[in-house]
Every structure is written in C-alpha cells, then in structure tokens.
Amino acid sequence: MILKAKERGNAPQLAKYLLSMRDNEHVELHEARGFVSDDLLEAFAEAEAISKGTKCKKHLFSMSLNPPEPE
C-alpha cells in the first residue's frame, strides 16, 4: 500500500478536491467531529477561519491511500 501525507493550507481547495469524483475513484465522508457543520466544505471553512487567528499557515493534514487492486 502506498501512503502519501503532507501538511496543507487552503482548506476550500482541499475540500473541493477531496469531494471531486473526477480525481477520486470513491468518495465518502464518514464523520466530521468538532465542527458546527456536518458538511465538509463548511467544516474546512471553519478550520480555515480558526487558523486565521493564529500564525499557522498549514493547519490541515492530508493523507492519501493507494491500496492494491484486490483490496
């Protein structure tokens, strides 16, 4: 299995990418905890707003999984 991870900023762009069926074979949001909204775009916008009150530039952590074909 190939794992790719990195720190990220630009929450709206990441949320749109994660929900894009064009780039992702399967998209499913199981749960969003600690946010006012259950919607990924709104939850990431909330995280972006909170980060603006700090000096943090990369407030998200993104990880991609690439499992073998039969998995």
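Tally Lys and Arg at +1 and Asp and Glu at -1 over the other residues with C-beta under 15 Å from the C-beta of Leu60: what net charge comes out?
Once positives and negatives cancel, what remains is +4.
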So the angle from the long Cα axis of helix 40-52 to the longest Cα principal axis of the chain, reported in degrees to the nearest 10, equals 40
Among (i) 44, 23, 21; (ii) 30, 19, 17; (iii) 33, 32, 18, which one is Cα extents along the principal axes in Å computed from these coordinates? (i)
Rounded to the nearest 10 Å², the 1.4 Å probe accessible area of Glu46 is 50
Place a +1 charge on the Cβ of each Lys and Arg in the chain and a -1 charge on the Cβ of each Asp and Glu, then give the dipole magnitude about the Cα centre in debye, rounded to the nearest 20. 620
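The values are calculated or read from the model by the stated rules, or taken from the named source; none is laboratory data. Being a predicted model, the structure only gives us computed values, none of them experimental. Glycine also receives a Cβ, built like all others from the backbone with ideal geometry; neighbour counts cover every protein chain displayed. Please note that ligands, DNA and RNA were not included when accessible areas were found on the heavy atoms of the full protein model with its side chains. Shrake-Rupley method; radii C 1.70, N 1.55, O 1.52, S 1.80 Å.
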